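The values are calculated or read from the model by the stated rules, or taken from the named source; none is laboratory data. Please read all numbers here as calculations on a predicted model, not as lab measurements. Virtual Cβ from ideal backbone geometry, glycine too; neighbours counted across all protein chains shown.
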């Protein structure tokens, strides 16, 4: 677990690189965590006690060298501020500057080049005390003999694979799972946040599309009602014309229609 070591000469975040500068070889490595970040900014717009980062170095004192960060594709910390004092953005996440609040959630998206997601990184996150570790591997899961989407929970300092999708993370107050998105006019599988009843949170774009769809459906219903009313009116008018024609024929035949 994370703990302070007063014997270390710990540098400030301004003295540390923000990442390991390792290039990504998979579009999902950037898109998926950024998608989760933008969705979380919408869901938790009124909260300031959380921080979600993408491809940012996490400096900690649980490894061999505190100057070497671990760099998740995405991570979430609770109980810290979205911005540093003075409304300053972070260059990296330095635990000794964050009251040793470690991430509660880490996401790794497996790329073409194996990155130790199931081995070395998993060991680092366990030692760091990350409660939930999610591995998203839609392309290369057979290579690793795993599933495309896996959620691990830290139990007695060991990660245990969890069951169910979407998976509800009670300590965070969110679930996570896969779904199809039409973001930017493209259809693709992404990870979404979910509520405790298994309902998916929608992006503002999706909500706007749903509102447009509802408005269009309402317009179609109104048009159908108008057409139905016109048809009823036409039937009534035709019935009146037929009755008038019949009465005229009866009168022409010498029948007193007033008795009807």
TODO: Within the range 88-125, track down each residue that is surrounded by 14 or more Cβ atoms within 10 Å (Cβ to Cβ), closer than 30 Å to residue 161 by Cβ and out of contact with any strand residue (DSSP E or B) (no Cβ under 9 Å at 6 or more places or on another chain).
DONE: 100, 111
TODO: Go through the range 130-173 and count every residue that is in a loop (DSSP other than H, G, I, E, B), within 17 Å of the chain's Cα centre (by Cα) and crowded, with 20+ Cβ neighbours inside 10 Å.
DONE: 2
Open item on the list: I need the full set of residues from the range 15-37 which are surrounded by 14 or more Cβ atoms within 10 Å (Cβ to Cβ) and either touching a helix residue (DSSP H, G or I) at 6+ places or on another chain (Cβ under 9 Å) or modelled with pLDDT of 60 or more (or both), in order please.
Closed with: 24, 26, 28, 29, 30, 31, 32, 33, 34, 35, 36, 37
Task: Test: residue 72 is at pLDDT 95 or above and either assigned to a loop (DSSP other than H, G, I, E, B) or closer than 18 Å to residue 148 by Cβ (or both) - done: yes
Open item on the list: With the structure loaded, tell me whether residue 191 is closer than 29 Å to residue 47 by Cβ and modelled with pLDDT of 95 or more or whether it fails that test.
Closed with: yes
TODO: Give the residues of the range 62-87 that are surrounded by fewer than 18 Cβ atoms within 10 Å (Cβ to Cβ), closer than 23 Å to residue 30 by Cα and more than 24 Å from the chain's Cα centre (by Cα), sorted by residue number.
DONE: 68
